[in-house]
Amino acid sequence: MADETVEKLPFVRKLSFGVGHVMNDLCASMWFSYLLVYYHNVVRFSSDMAGYIMLLGQIADAVSTPLVGYESDRTRNGLCGYPKRKTWHLVGTMSVAASFPFIFNGCITCDDAPDWSRFIYYAPFVVVFQFGWATTQISHLSLIPVLTPREDERVELNAIRYAFTVISNIAVYALTWLLLETDATGEMKRVLSRADAPTFRNLAFVVVGAGLVFSGVFHFGTREPRRLVAADNKNVELKSMIARSEDEKEQTAPTTTRMTWTSWLKLKQFYLVAMLYMCTRLVVNVSQVYLPTYLLYALDLDKAYMAIVPLVVFVSGFVTSIFMKLVNRICGRKVTYYIGLQLICGACVWFYFISLYDLERQIFGAAVLLGSGCSTILITSLSLTADLIADDTETSAFVYGAMSFTDKLSNGVAVILIQRFHPCCVASPLYHRNVMAFVPGGVALLALVVLIGLVPQKIGDRSHLANHPKSQEERERETCTTVR
């Protein structure tokens, strides 16, 4: 339990932290919602090749996240005296801004080239973008346990962060809806085609421009705590830590173990929370990727619904996120996560059995359930991860990187498998309905199994790692090494 006497963060500082992931959120909204339909319907890639573009990005992201997390943790100082987490955030932001517009732009001088050659053209931009995205994400998440030790404030920071994620998605979908409605007439207003290329190009430029503004607000408004560097402060900290260790010995409390990246790999709870986080991201991302294709092919709706229905999903998610701190406090993390899984399963059943009668009202109802459920499990899983880290903030970036590794790799594999089994025929409403119902629903059931495994455990409890306490002399020697 965090010390309740610790001073709370000012609300303005919480908001400035919350906007630090907006550029990633804006880009991710386009990436997950429109990459497949853009490369298939606008760029004219085959179904497989469009899937390989996403798979490449997910692999690059999966490889980058643990490496960035490890390097971020072992870096003692940032660039030119700048705080280390914010330095990595800045590197990621610049990488995203430099690469993302090319992903949703035409192939320069090669629009009519074969698929494989255009794939080679887009591949470097995808890799750089995903490296930057991962760098920004890990540095931003790893700041949460650094900024505050209070559990309630960590939940609030995750909720604020997710609220801005939802707002970012709402902005992207609203702007997409506006552009799709105004840039085409007649039949072109209904069918997505190469004529819509300027819409996605303009949207990408707006996304990057707005993201840079919010990233600036984050860097100016967020104060990252620094290490004590003065000799007097070191001595005070040393004496305090030794005294605390002696008090703990006298009280026969178990000696805590400072976690390294190898220590995490020996912790069973680490794998369970990672599995839960992976399932959470699979549900959220797969439903976001295939909702547009479900609307276009399974329900035969106008292309404007690619923006309208996801907009409803994220508005409902935003409303839900407002109550997450209260629900987590009343029900606890695990019960709250279970409630979110129930909402998602209900949405998947609705997507499968939806009828053409009163279609619009039904699709909006299912979208509300999906948005509320995704918001609930995503905020709660991030809070569980912060609880797992507890006070071991020095390795927080590695933990978030490892979590994100499982997330990105599993998403890439899921997408390419779905694309590979896609029927040859253009019209495949039954296939897209099954994907939207069974994939998120099946993963939600897997998450329930993992959640049951976590029920008897207290997240973040590592007292069992201290069954063999070290001598006072050894602890003091380790303390001196840590302070230096």
Inset, instruction - Please state which one of 155, 206, 217 is surrounded by 22 or more Cβ atoms within 10 Å (Cβ to Cβ) and of a type outside the set (Asp, Glu). - result: 155
Legend entry - Neighbours by Cβ (under 7 Å, 6+ apart or cross-chain): first from segment 54-69, open to solvent by less than 10 Å² (accessible area, probe 1.4 Å); second in a helix (DSSP H, G or I) and at pLDDT below 80: 65/401; 65/404; 68/401; 69/397; 69/398; 69/400; 69/401
Inset, instruction - Quickly run through segment 332-355 and pick out the residues that are under 18 Å from residue 302 (Cα atoms) and touching a residue at least 40 places away in the same chain (Cβ under 8 Å). - result: 351, 354
Legend entry - Test for residue 120: is it more than 22 Å from the chain's Cα centre (by Cα), β-branched (Val, Ile, Thr) and not in a loop (DSSP other than H, G, I, E, B): yes
Legend entry - Test: residue in segment 315-324 that is open to solvent by 40 Å² or more (accessible area, probe 1.4 Å), of a type outside the set (Val, Ile, Thr) and either touching a strand residue (DSSP E or B) at 6+ places or on another chain (Cβ under 6 Å) or at pLDDT below 90 (or both): yes
Legend entry - Hits in segment 72-83 (condition: open to solvent by 20 Å² or more (accessible area, probe 1.4 Å) and in contact (Cβ under 8 Å) with a residue 60 or more places away in the chain): 73, 76
Inset, instruction - For residue 21, indicate whether it is in a helix (DSSP H, G or I), touching a Lys or Arg at 6+ places or on another chain (Cβ under 7 Å) and of a type outside the set (Phe, Trp, Tyr). - result: yes
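Here is a yes/no grid of residues against (1) touching a residue at least 60 places away in the same chain (Cβ under 8 Å); (2) over 15 Å from the mean Cα position of the chain (by Cα):
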position	(1), (2)
385	yes, no
389	yes, yes
397	yes, no
408	yes, no
414	yes, yes
417	no, yes
435	yes, yes
449	no, yes
452	no, yes
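The values are calculated or read from the model by the stated rules, or taken from the named source; none is laboratory data. Note that the structure is predicted; figures quoted are calculated from it, not measured. Ideal geometry is used to build each Cβ from the backbone, glycine not excepted, and the neighbour counts take in all protein chains shown. The protein model used for the area step is the full one, side chains on, heavy atoms only, and it has no ligands, DNA or RNA in it. Shrake-Rupley method; radii C 1.70, N 1.55, O 1.52, S 1.80 Å.
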